[in-house]
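The values are calculated or read from the model by the stated rules, or taken from the named source; none is laboratory data. Note that the structure is predicted; figures quoted are calculated from it, not measured. So basically every Cβ, Gly included, is an ideal-geometry build from the backbone, and we count neighbours across all protein chains shown.
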Amino acid sequence: MFAPTILLAALLGQFDAPPTVTPREFQAWFDAADDGELVVPREVARGACRFRYIFVGGFANEQMNGYFVQNVRDLRSMGVPRSSIHTIFPSSRETIEESARKISEQIFTISSKGPERLVVIAHSRGACDTLAFALTEPEFVRDHVEALFLVQGAFGGTALADYVVGDGPSMDNRMPTRFRIIAGLVAHVERGLMRRGHHAGLAGLTRAESQPYWDRMLAKHSEAIPILTPRTFFIRSETKPFQLGRFRRAIGWYLHLYDGPNDGIVAVKDQYIPGLGTSLCILNCGHGDLTCNLNTGRSARRVRRALTQCVAMAVGRAGAESVAVRR
């Protein structure tokens, strides 16, 4: 816990002001970028180069090739030096608490490399790990972090984890047979990985674990909320099952039928924490499309580029008079 004077100073705005971006602005930028029509103004790109960027990977990142590769490349194309871009890949064997401790060590080390303020883009379970770190280190966030972009985070858990551990609804005839078979195989594989310890962290993503965990964290670190709120931005997404690949489609069907709108892994309602930060948008894309090269089609590449451009717009537009959009 930190001194009351720090909380008072944060409330009075005595520290560096975080970026100001509204959901309407962010959505407009994203739509333009997805259409290939957003041009990041030169002064905004220069502003974005003043920061040090950290990408934090999500659950099962060990099995994913191309995680953040395009996002990093797109930042570099805007002039951000490679030395100012860093990646952190937490272990899927660990709990959120364990990952948060290790992430804090890595973020402290990265911050020591230079005076630049940090922009953190964290995905999926990595978004949970990052927020847990931020809640326990509000002084560091206040002094060194420009913004936290939490992308498709599983803050409310996921019904997929519930199903794997045996607590989720059973599949019935509402779900097409072939997808019932595929989803059952996916769950069987995950159970095996959990037994061997490879995906032990999945147990912490059930509803029974996730929701009480965040209730405890917010109560314990309530003094951090005024510092984190103006710097924290949730980016959510949803998609229809038919828009996903074969294996993701089966999971998407399960979530669609028994848990509501989702991105193929996490329900939309579970991708943010009400009362903390700003929910910027609900994008039309699958889980991972914004950060992973699993989908290599042109539309998926545009979506990843759009996310990077929008982050640059949000943190780099100080002094920019307008957004240049080709008509």
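Checked against (1) farther than 27 Å from Ala224 by Cα; (2) modelled with pLDDT of 95 or more; (3) within 16 Å of the chain's Cα centre (by Cα), Ala60 passes all but a single condition, namely (2). If only residues of region 223-254 that are polar (S, T, N, Q) and either over 19 Å from the mean Cα position of the chain (by Cα) or not in a helix (DSSP H, G or I) (or both) are counted, the one that is surrounded by the fewest Cβ atoms within 10 Å (Cβ to Cβ) is Gln243. For region 1-36, name all the residues that are assigned to a helix (DSSP H, G or I), in contact with a helix residue (DSSP H, G or I) (Cβ under 7 Å, 6 or more places away or on another chain) and either at pLDDT 85 or above or closer than 21 Å to Asp74 by Cα (or both). Hits for region 1-36 are Phe26, Trp29, Phe30, Ala33, Asp34. Of all the numbered requirements in (1) more than 18 Å from the chain's Cα centre (by Cα); (2) surrounded by 18 or more Cβ atoms within 10 Å (Cβ to Cβ), Thr109 misses one, and that requirement is (2). Just name the residue that is farthest from Ser77 (Cα to Cα) out of those in region 277-317 that are of a type in the set (A, V, I, L, M) and either surrounded by fewer than 20 Cβ atoms within 10 Å (Cβ to Cβ) or touching a Gly at 6+ places or on another chain (Cβ under 8 Å) (or both). Here the residue is Ile282. Taken over region 232-258, the criterion of being at pLDDT below 85 and of a type in the set (D, E, K, R) is satisfied by Arg246, Arg248, Arg249.
Determine whether Phe140 is out of contact with any strand residue (DSSP E or B) (no Cβ under 7 Å at 6 or more places or on another chain), under 22 Å from Phe59 (Cα atoms) and at pLDDT 95 or above.
no
Give region 151-175 a look and list any residue that's touching a Lys or Arg at 6+ places or on another chain (Cβ under 8 Å), among the small types (Gly, Ala, Ser) and assigned to a loop (DSSP other than H, G, I, E, B), or say none. Selection gives Gly153, Ala154, Gly156, Gly157.
Right, Gly264: under 21 Å from Leu135 (Cα atoms), under 18 Å from the mean Cα position of the chain (by Cα) and either assigned to a helix (DSSP H, G or I) or not aromatic (Phe, Trp, Tyr) (or both) or not?
Judged against the criteria, Gly264 is not a match.
Output the number of residues of region 66-82 satisfying the condition of being surrounded by fewer than 17 Cβ atoms within 10 Å (Cβ to Cβ) and either in a loop (DSSP other than H, G, I, E, B) or touching a residue at least 12 places away in the same chain (Cβ under 8 Å) (or both).
Selection size over region 66-82: 4.
Just to be sure, is Val40 buried (at least 17 other Cβ atoms within 10 Å of the Cβ) and more than 16 Å from the chain's Cα centre (by Cα)? Spelling it out, Val40 is indeed buried (at least 17 other Cβ atoms within 10 Å of the Cβ) and more than 16 Å from the chain's Cα centre (by Cα). Specify the residue that is surrounded by the fewest Cβ atoms within 10 Å (Cβ to Cβ); the eligible residues are those in region 255-268 that are in contact (Cβ under 8 Å) with a residue 40 or more places away in the chain and more than 10 Å from Thr158 (Cα to Cα). That would be Leu257. Kindly indicate whether any position in region 138-152 is crowded, with 24+ Cβ neighbours inside 10 Å, touching a residue at least 40 places away in the same chain (Cβ under 8 Å) and of a type in the set (Lys, Arg). No, region 138-152 contains no residue that is crowded, with 24+ Cβ neighbours inside 10 Å, touching a residue at least 40 places away in the same chain (Cβ under 8 Å) and of a type in the set (Lys, Arg).
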